[in-house]
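The structure appears right after this line, and notes come after that.
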Amino acid sequence: MSEAPRTVEDVKALVDEHQLRFIRFWFTDILGQLKSFSINSAELDDAFENGMGFDGSSITGFNAIEESDMIAMPDPSTFAILPWRPEEQGVGRVFCDVLTPERTPYEGDPRHVLRRALDRMHTMGFDTFNVGPELEYFLFKDKNGTEVLDEGGYFDLTTLDAGSDVRRETVIALEQLGIHVEYSHHEVGPSQHEVDMRYAPALKMADDCMTHKITVKEYAMKYGWHATFMPKPLFGENGSGMHTHLSLFKDGKNAMFDADDPYFLSDIGKAFIAGQLKHARELSSIFAQWVNSYKRLVPGYEAPVYVAWSRRNRSALVRVPLYHPGKENGTRMELRCPDPACNPYLTFAALLQAGLEGIEKGYELPEPMEKNLYHLSPDERKRLGIEQLPETLGEAVELTAESELVLRTLGEHMFNRFIEIKRQEWEDYRVQVTQWELDRYLPVL
């Protein structure tokens, strides 16, 4: 894996050494869609000094007339050479922070939202928020349908796994981009895959998630296939999740670990997890932001919907992996409800803010639920005080609209735009007449 540059001079040396012709500037809109424009490498000095101006009026979440003038300020620590572009007169890329013409952070920039959450973490005395997401995706024969490439299952390594070669090329490309890959394998669903990145600090990991997704898509396209991170593309099969491992460090040590606790969790760790549970319902439209997300979040598949925590029970929203002696830094929680079509900057920011809220306000962590929650009746769950995630995007976005925590996390501008966009998405879906309805009702009504 190549050593990542850290300074402007490092980047310029790499550009000269590899004779790169173009540099792509990357950032995301409010929904986490990757946006990009290219500059001539000869413009790099000016770009690092002054940023590059662009018209933000057509970017989702940016698009108010008075906000049309934006500046993309490249972050040199994120520079990498794109391995799927030709080596001769090659192409580099760099993530950008979006600034206003006054050169202040733009409040509609998702990267800024995460930076602001990290600032709160630092003021509370913590060093690092590590995130380790597991992104699942499907490979289909083309973008026009859902014809699968194989009928393989979990961890299959046979001719059933038609995507093994493209998965190997994807991992190599990610490593060339400075991303450490721990695991890659066939997932439970037909033609479903998972490539897991090693945990990293939250801002780097959000950048890496965006890089991961476009890399997967580029290498699928090289084979003539289509990769999708859509949460639930196939009826009757598991959807694609993004199980997300979270840990908090202070003075270089894992702040979530306590050797004397029965669960090996410190008071900070317990309060952090309690924050996730308490705010999960109002954060749902952030980590599961599409109409389709709620077709994955249904009982009976691997996606958890019940707000509880456990050490072994994978039907709970939060799992705390078992502690292994000598592995204190591995103490963490795993949130199993996000999906890979979320905006990682907003998702990681919201999860961090929820955990910090739990620490600051001293939330109490309930006892773990080691029973299979799918096997409990509604009355039993109610008696145990176990809530359920929203069942639709419409329900989720209205909970978010009432959330003071999400308002503080996103800031007023982005909060209002996000609620507006998601309410419109739900309304468009709600009034749509689907083929399923026509097939079911037209012949008999």
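The values are calculated or read from the model by the stated rules, or taken from the named source; none is laboratory data. Note that this is a predicted model, so its numbers are computed, not measured. We place every Cβ from the backbone using ideal geometry, glycine too, and count neighbours over all the protein chains shown. Heads up: the accessible areas ignore ligands, DNA and RNA and are worked out on the full protein's heavy atoms, side chains in. Shrake-Rupley method; radii C 1.70, N 1.55, O 1.52, S 1.80 Å.
Quick one: what Rg and Dmax do you get for the chain from the alpha carbons, in Å?
22.1, 71
Alpha carbon centre of the range 376-445 versus the range 332-355: separation in Å?
That distance is 18 Å.
Would you list THR331, THR104 from the most to the least accessible area, probe 1.4 Å?
THR104, THR331
When a/c is below 1.5 the answer is rounded, else prolate if a/b is larger than b/c, else oblate, so apply that to the range 362-445 with a ≥ b ≥ c taken from the square roots of the Cα gyration tensor eigenvalues.
oblate
How high is the relative contact order of the chain, in percent, counting Cα pairs under 8 Å that sit 6 or more residues apart?
In percent, rounded to a whole number, it is 15.
Can you give me the solvent accessible area of ARG312 with a 1.4 Å probe, rounded to the nearest 10 Å²?
150 Å²
Keeping all protein chains in the complex and leaving out DNA, RNA and ligands, what accessible area do you get for TRP426 with a 1.4 Å probe, in Å² to the nearest 10?
Rounded to the nearest 10, that gives 60 Å².
LYS327 to ASP55: extension gain in nm, 0.36 nm per residue of separation minus the Cα-Cα distance?
93.1 nm
Within the chain, what percent of beta bridges assigned by DSSP are antiparallel, to the nearest 5?
For the chain, the DSSP antiparallel bridge percentage is about 85.
From the phi of every residue in the range 274-288, what ³J(HN,Hα) in whole Hz does the Karplus formula 6.51 cos²θ - 1.76 cosθ + 1.60 yield, where θ is phi - 60° and glycine or proline is x?
With coefficients 6.51, -1.76 and 1.60, one gets 4, x, 5, 5, 5, 9, 4, 5, 6, 8, 4, 6, 8, 7, 9 Hz.
In deg cm²/dmol and to the nearest 500, what is the mean residue ellipticity at 222 nm of the chain if only DSSP H runs of at least 4 residues count, each as -39500 (n - 2.57), divided by the residue total?
Only helices count here, giving -11000 deg cm²/dmol.
Considering only protein heavy atoms, with the full assembly of protein chains and a 1.4 angstrom probe, order HIS186, HIS324 by accessible area, largest first.
Result, largest first: HIS324, HIS186.
So how compact is the range 251-356: Cα radius of gyration and Dmax in angstrom?
Looking at the range 251-356, its Cα Rg and Dmax stand at 14.3, 44 Å.
Which GluC sites (Glu not before Pro) in the range 356-406 pass both tests, a DSSP loop state and at most 14 other beta-carbon atoms within 10 Å?
GLU364, GLU370, GLU391, GLU402
Where a ≥ b ≥ c are the square roots of the eigenvalues of the C-alpha gyration tensor, would you call the range 1-153 rounded, which needs a/c under 1.5, or, failing that, prolate if a/b is larger than b/c, or oblate?
Judged from the Cα gyration tensor, the range 1-153 comes out rounded (a/c under 1.5).
Decide, for the range 308-438, between rounded, prolate and oblate: order the square roots of the alpha carbon gyration tensor eigenvalues as a ≥ b ≥ c, take rounded if a/c falls under 1.5, and otherwise choose prolate if a/b is larger than b/c, else oblate.
Because a/c hits 1.5 or more and a/b fails to exceed b/c, the range 308-438 counts as oblate.
Using the Karplus curve 6.51 cos²θ - 1.76 cosθ + 1.60 with θ = phi - 60°, what ³J(HN,Hα) values do you get for each residue of the range 314-331, in whole Hz, with x for Gly and Pro?
7, 8, 8, 4, 10, 10, 10, x, 4, 6, 10, x, x, 10, 4, 5, x, 5
Using DSSP to call loops (not H, G, I, E or B), can you name the chymotrypsin sites (Phe, Trp or Tyr not before Pro) in the range 334-380 whose Cβ has at most 13 other Cβ atoms within 10 angstrom?
none
For the range 211-243 and the range 31-59, what is the separation of their Cα centres, given in Å?
Centre-to-centre (Cα) distance: 27 Å.
For LYS35, list long-range residues whose amide hydrogen, built 1.01 Å from N in the peptide plane, is under 5 Å from its own amide hydrogen.
PHE27, THR28, ASP29
Would you grab the residues whose amide H sits under 5 Å from the one on PHE257? Only those 5+ places off in sequence or on another chain, please, with H modelled 1.01 Å from N.
Hits under the 5 Å cutoff: SER266.
Ordering HIS193, HIS413 from largest to smallest accessible area (1.4 angstrom probe), what's the sequence?
The ranking, largest first, comes out as HIS413, HIS193.
When only Cα pairs under 8 Å and 6 or more residues apart are kept, what is the percent relative contact order across the range 286-445?
It comes to 26 percent, rounded to a whole number.
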